[in-house]
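Since the structure comes first, as structure tokens, the remarks are kept for the end.
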Amino acid sequence: MSAISEILYNARKQRNLVLRKVAAAVDIDQSLISKFEKGERVPTKEQTIKLSKFYGIPQKEFLIDIISEKVVRTIQEYEFAETILKVAEEKIEYLNSKRGFKKQQNNLLDAK
């Protein structure tokens, strides 16, 4: 079981809910929720938001868990997975610095 599956399973069990009740409340197919709880599937962003609201799980932390799990599933088979993560981090830093630069330029133009 993954951390995500455990979080979802435990949240449901703590509330003494059956899958169909959760499915009806969050408008997600019961079989999908079952697969999330078994670690066979990872919820989409929209499904994550619905589930976090329903269970009262902090949304930001839950999204971080979900997205990081998707990343791990994508790259885990490569022996250079850590390098992939480092390069991705560098690319994110570069993109963020470009956005910051563009924002500064826009602020200067607005000030004129």
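The values are calculated or read from the model by the stated rules, or taken from the named source; none is laboratory data. What you see is a predicted model; the values in this text were computed from it and never measured. Quick reminder, even Gly has a Cβ in these numbers, built from the backbone with ideal geometry, and neighbours come from all protein chains shown. Ligands, DNA and RNA are excluded from the accessible area calculation, which covers all protein heavy atoms including side chains. Shrake-Rupley method; radii C 1.70, N 1.55, O 1.52, S 1.80 Å.
Tabulated data for the structure shown
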item	result
Residues satisfying the stated conditions in the range 3-36, i.e. modelled with pLDDT of 95 or more and among the acidic types (Asp, Glu)	ASP27, ASP29
Any hit, the range 73-91, residues being over 12 Å from the mean Cα position of the chain (by Cα), modelled with pLDDT under 90 and in a helix (DSSP H, G or I)	yes
From the options GLU69, GLU40, residue that is in contact with a Ser or Thr (Cβ under 9 Å, 6 or more places away or on another chain), open to solvent by 90 Å² or more (accessible area, probe 1.4 Å) and under 17 Å from GLU6 (Cβ atoms)	GLU40
Among the candidates GLN30, GLN76, GLN14, GLN59, residue that is open to solvent by 70 Å² or more (accessible area, probe 1.4 Å) and touching a Ser or Thr at 6+ places or on another chain (Cβ under 6 Å)	GLN59
